[in-house]
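Just below is one structure, and these are the notes that go with it.
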Amino acid sequence: MAKVGFISLGCPKNLVDSEIMLGHLKSGGNVLTGEIREAELLIVNTCGFIESAKEESIQAILEAASMKQYGACKKLIVTGCLIERYREQILADMPEVDAVVGTREIEKILDILQSADRELKTTADPLYLYNEASPRLLTTQCGYAYIKISEGCDHFCAFCAIPGIRGQQRSRTIPSILNEAAQLVQQGVKELILVGQDTTDFGRDLGDHNALEALIKSLGKLDSLRWFRVHYTYPNRLTDSLLNAIAQTPNCCKYLDIPLQHANAKILKTMARGGSRSAFMDLVSRIRKRVPGVFIRTNFIVGFPGEGEAEFSELRNFIAEAQFDHIGVFTYSAEEGTPAFSLGDPINKRTKEKRRRILMELQQGISKAHNQALVGQTLEVIAECSHEESDLIIKGRHSGQAPEIDGNVLIVGGEVRLHDIQSVRITEAHTYDLVGVVSP
C-alpha cells in the first residue's frame with residue numbers, strides 16, 4: 001500500500017482515463033493524497049496533442065521528479081498521450097521516470113506499480129475500451145461527470161496526431177454506457193457529458209450509423225438524470241434525425257460542441273476536413289432551426305500553413321456572421337507524424353497570436369450581447385462550488401454552458417443547494433459570466 005499523488009493533464013477524455021486509474025489504485029488499497037510532497041508514488045497522466053501541451057506535460061514530470069529530493073516520492077510513473085508518442089525517448093532521456101503506461105494499459109496500473117520494470121512486458125490491447133465494470137473514482141465533485149462513449153478516431157485531419165496516439169475508432173455498446181450512466185446517477189451526478197474523439201462516429205465501427213441518436217433517446221429515459229450533453233461532434237455527421245433527437249429529448253441540453261477548425265474552403269481542404277464558409281453557415285442555420293434555443297460552441301485554428309490575410313479575413317467574417325455562443329481559438333502547432341508536418345510552419349508566432357487575439361476580441365462582443373439578452377430570464381442552473389474570491393458567491397452553469405470551457409452563472413442570492421439544479425433569475429451580464437439569484 002502506498003500514498004499516491006496524481007496529476008492529470010489534458011482533455012476530459014484523458015480525465016476519464018485518470019479516474020479509471022485512480023479507481024484501480026484505490027481498490028488496490030492505496031491511499032490517495034492531494035499533497036504532492038506527501039506522495040510516495042506520483043503519477044503524471046500527460047497530454048501530447050500540441051506543443052504547448054507537451055511542454056506542460058514535461059514541466060509536470062520534472063516537478064514531480066523533484067519530489068524525490070524535496071518530498072516523499074519513491075516512484076514516478078508517467079502515463080497518457082505523451083507516452084504513446086515518445087515512449088522510447090522518455091525512457092532514454094528521463095531516468096527520473098521509473099515506469100511508463102500507455103493509453104491502452106491504464107487498467108494495468110497496479111501491475112506496473114508492483115513491478116520493478118520500467119514498462120509492462122505484455123503487449124497493449126489495440127482494441128482496449130473501459131466499461132461500466134472498470135473501477136472509477138470521480139474527480140469532478142460539482143455534480144457532473146464525463147462518459148467516454150468511444151475511443152480512437154478514423155478521421156485523419158492533417159494537423160492532428162490523435163489517430164496515432166489513440167488508435168482506430170472503437171465504440172462501447174449502448175447497454176454498457178447506460179449501465180455506467182445509471183451508476184453515476186446513483187452516486188449523485190446530475191449532469192453527464194458524452195465525450196469521444198468524434199461522438200458522431202459512435203457506433204459506426206459496429207455497423208450502426210444511428211447509434212448516437214439511439215443513445216440520446218435511451219439516456220432521455222434514465223430516471224433521475226437531469227441533464228446530459230454531447231461534445232466533439234463532427235460537422236458533416238449532424239443529420240436532421242440526430243438534431244431532432246437532441247431537440248425532442250427533454251434532459252438533453254440544447255448545446256452542441258462542433259469543432260469547425262476554419263471557414264476557408266482551401267484551408268479546410270488542406271486540413272483534410274472539407275467544408276466551406278457557406279456550407280458551415282447552412283449547417284449553423286439548420287441546427288438553429290432544428291434545435292430551437294440551441295447554444296453552439298466551436299473551435300478554430302489560426303496560422304495553419306497557407307492562411308494568408310484573405311483566408312484569415314474570411315474566417316473572421318464567418319465568425320461575425322455565425323454569432324456563435326462560445327468559441328475557442330488555437331494557434332497552429334506543427335506536429336511530427338501528422339500529414340501537415342511536411343508543410344512546415346511558415347507563419348510566425350507573433351502573427352498567429354495576433355490573429356487569435358483579433359478573433360477572441362470579436363467573440364467577446366458577441367458573447368456579451370448574447371448574455372445581455374438573458375438578463376431578466378429565469379434559467380435552470382446547476383450550482384457547483386464557491387467562487388475563488390468569495391464564499392458568498394456560488395459558481396454555477398446554465399444548460400448552455402459546459403464545465404471548464406464556457407462561462408458561469410454567479411449566484412449571489414437566495415437559498416442555494418450545491419450540486420443541484422435550481423431556477424435562477426439572471427440580473428446582470430458580463431462578457432462570459434452571468435449574475436443571478438435563486439428564484440423563491
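The values are calculated or read from the model by the stated rules, or taken from the named source; none is laboratory data. Predicted model only: the values in this text are computed from it and were never measured. Positions of Cβ are generated from backbone atoms using ideal geometry, with glycine treated the same way; all protein chains shown enter the neighbour counts.
All conditions in (1) surrounded by fewer than 17 Cβ atoms within 10 Å (Cβ to Cβ); (2) more than 23 Å from ASP406 (Cα to Cα) hold for ALA334, with the sole exception of (1).
Only one entry of LEU374, LEU359 meets the criterion of being closer than 26 Å to THR431 by Cβ and in a loop (DSSP other than H, G, I, E, B), and that entry is LEU374. The conditions of being more than 23 Å from the chain's Cα centre (by Cα), at pLDDT 95 or above and farther than 28 Å from HIS262 by Cβ are not met by VAL409. If the condition is being without any contact (Cβ under 8 Å) to a residue 24 or more places away in the chain and of a type in the set (Ser, Thr, Tyr), then segment 379-418 contributes SER386, SER390. Looking at THR331, THR351, just one residue is touching a helix residue (DSSP H, G or I) at 6+ places or on another chain (Cβ under 7 Å) and polar (S, T, N, Q), and that residue is THR331.
Filter segment 423-439 down to residues that are part of a loop (DSSP other than H, G, I, E, B) and touching a strand residue (DSSP E or B) at 6+ places or on another chain (Cβ under 9 Å) and give me whichever is farthest from ARG297 (Cα to Cα).
In the first step, residues of segment 423-439 are kept if they are part of a loop (DSSP other than H, G, I, E, B); the result is 430-433, 439.
Next, only the ones that are touching a strand residue (DSSP E or B) at 6+ places or on another chain (Cβ under 9 Å) stay: 430, 432-433, 439.
Working: HIS430: 18, TYR432: 13, ASP433: 15, SER439: 28 Å.
It comes out as SER439.
Residue-level analysis places LYS3 among those that are farther than 20 Å from GLU335 by Cα and touching a residue at least 24 places away in the same chain (Cβ under 8 Å). Within segment 172-203, which residues are among the polar types (S, T, N, Q), surrounded by 20 or more Cβ atoms within 10 Å (Cβ to Cβ) and in a loop (DSSP other than H, G, I, E, B)? GLN197, the sole residue that qualifies.
Residue by residue, here is whether (1) in the same structural domain as THR338 (by TED's automatic domain parsing); (2) assigned to a helix (DSSP H, G or I); (3) buried (at least 21 other Cβ atoms within 10 Å of the Cβ) holds:
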| position | (1), (2), (3) |
| --- | --- |
| ARG229 | yes, no, yes |
| LEU256 | yes, no, yes |
| ALA263 | yes, no, yes |
| LYS266 | yes, yes, no |
| LYS269 | yes, yes, no |
| ALA272 | yes, no, no |
| ARG288 | yes, yes, no |
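Got at least one residue in segment 381-391 being more than 30 Å from GLN186 (Cβ to Cβ) and surrounded by 18 or more Cβ atoms within 10 Å (Cβ to Cβ)? No, because not a single residue in segment 381-391 is more than 30 Å from GLN186 (Cβ to Cβ) and surrounded by 18 or more Cβ atoms within 10 Å (Cβ to Cβ).
Within the option set VAL302, VAL284, VAL294, being among the β-branched types (Val, Ile, Thr) and surrounded by fewer than 21 Cβ atoms within 10 Å (Cβ to Cβ) holds for one residue only, VAL294. Exactly one residue among ALA340, ALA334 is small (Gly, Ala, Ser), in a loop (DSSP other than H, G, I, E, B) and closer than 21 Å to CYS160 by Cα, and that residue is ALA334. When the residues of segment 309-331 are filtered to those that are assigned to a helix (DSSP H, G or I) and among the polar types (S, T, N, Q), the one that is surrounded by the most Cβ atoms within 10 Å (Cβ to Cβ) is ASN317.
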